[in-house]
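Worksheet: the structure to be examined is printed underneath.
Bear in mind these aren't lab numbers, they're just calculated from the coordinates by the rules spelled out. Note that this is a predicted model, so its numbers are computed, not measured.
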Amino acid sequence: DHPVFDRVILRDTSPKQLNNAVYHYSHMSFTHVIDKMNTFSSFRAEESKSRSVLYLKTRLFFEFPVNFFKYYLFRRHITGGWKGFYFSLCHAFMRTTRIAKMLENTK
């Protein structure tokens, strides 16, 4: 029922230990990454508490570079080569887009 997050609800059973590893691929393609982040940024913009326009405009200016370096260096996407660089760009863009959508919602 959640617009962004998937969940599993167990009925008439209890959780059990798996015998083998489960590999979770949260991104199927780069198109999927962009679509997923666009959906998530819209959801976060709708669900976030309202902020002043001045605060959002100031944050919009810094959001992309701060988040790019956060993901690329501190979350170690730098170790992922060109894909890590691209994912850092996507995350930073998604965060910046969320702020822009919040600004759009103030009108």
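Please report how far the C-alpha centroid of region 31-84 lies from that of region 85-107, rounded to the nearest whole angstrom. Using only Cα atoms, the two centres lie 5 Å from each other.
Helix 53-69 versus the longest principal axis of the chain: what angle, 0 to 90°, nearest 10, using Cα atoms? Tilt of helix 53-69: around 50 degrees.
Taken over region 13-107, the percentage of Cα pairs per 10 Å bin, counting from 0 up to the bin with the maximum distance, is 15, 36, 27, 16, 6, 0.
When shorter helices are ignored and each DSSP H run of at least 4 residues is given -39500 (n - 2.57), the per-residue value for the chain at 222 nm works out to -19500 deg cm²/dmol.
Taken over region 24-69, the ratio of Cα radius of gyration to 2.2 N^0.38 Å equals 1.44. Axis of helix 81-105 versus longest Cα principal axis of the chain: the two differ by about 60°, to the nearest ten degrees.
Could you tell me how many degrees, from 0 to 90 and to the nearest 10, lie between the Cα long axis of helix 30-47 and the main elongation axis, the longest principal axis, of the Cα atoms of the chain? Approximately 70 degrees, to the nearest 10.
Taking 0.36 nm per intervening residue step and subtracting the Cα-Cα distance, what contour gain separates T31 from K16 on full extension?
Value of the extension gain: 2.0 nm.
The mean sequence separation of alpha-carbon pairs under 8 Å and at least six residues apart, normalised by the residue count of the chain, gives a relative contact order of 33 percent.
Pairs spanning more than 25 Å between alpha-carbon atoms, out of K16/K36; K49/K70; K36/K83; K49/K83: K16/K36; K49/K83.
Equivalent-ellipsoid semi-axes (√(5λ), Cα gyration tensor) for region 1-56, whole Å, largest first? Display every interim value, and only then the final one.
Values: eigenvalues 219, 64, 19 Å².
For region 1-56, the ellipsoid semi-axes come out as 33, 18, 10 Å.
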